[in-house]
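Each value in this text was obtained by applying a stated rule to the coordinates, not by laboratory testing. The model shown is predicted, which means the values in this text are computed figures rather than measured ones. Note that each Cβ is placed from the backbone with ideal geometry, even for glycine, and that neighbours are counted across all protein chains shown.
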Amino acid sequence: MPESGLLRSTERHRCLPRPTISRTVLFLVWLTVSGAACTSSTEPPGPPAIEGTYATTITNDDGVRAGLTRFLSSYPKVIDVNTGHWTLTIEGGRVTMVQTTSQSAGDEPWLATYTVSGDRVTFVKPDGATGYSERTFRWRADQRQLILQIVAVDPPEPLIKAIMDMVFGSHPWRRVSPPQSPGLP
């Protein structure tokens, strides 16, 4: 009699469905092993969408709107020296900005490196006084233009923040040259 009880128990287990590994479990294992779960890039392959060459023209009125008039007593030419035609190239981790003006203030190009994190781009410029300076912007780009909005300046200086607002944020930057590789929406 004990044998038949054992047989019934074994038969009962044979009737149960075999354990199977679902596709979901296999996918989760693959994500963990491959490291794909650790990456969260929304950038398409190729250069970041921000890359390209852009141009804009900055006027005295832009300086007034950016609040630079409060600095005129200490820096009487702060608005004038930041007006003119600006060309901004963002490519391959480097930023180059050139100012063309009748004031001949833009002799040297402004050089920096950049990093992108989501909708933020940070320009890091070597600086003799502090070792570096950072300008962080919220950005949006498409095939026609780049829009930059100043978020932070480090070291924090109200004058520099106002100049950045004037130069980078007064107008959308018109795209004059795409990046070397496609990657734009």
Query - Where N is the number of residues in the stretch 52-177, Cα Rg divided by 2.2 N^0.38 Å - result: 1.00
Requested in this report: Calculate, in nm to one decimal, what V98 and V64 gain on full extension: separation in residues at 0.36 nm each, minus their alpha carbon distance.
Outcome: 10.1 nm
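Counting only other residues whose beta carbon sits under 13 Å from that of D62, what net charge do I get with K and R as +1, D and E as -1?
Computed value for this residue: -2.
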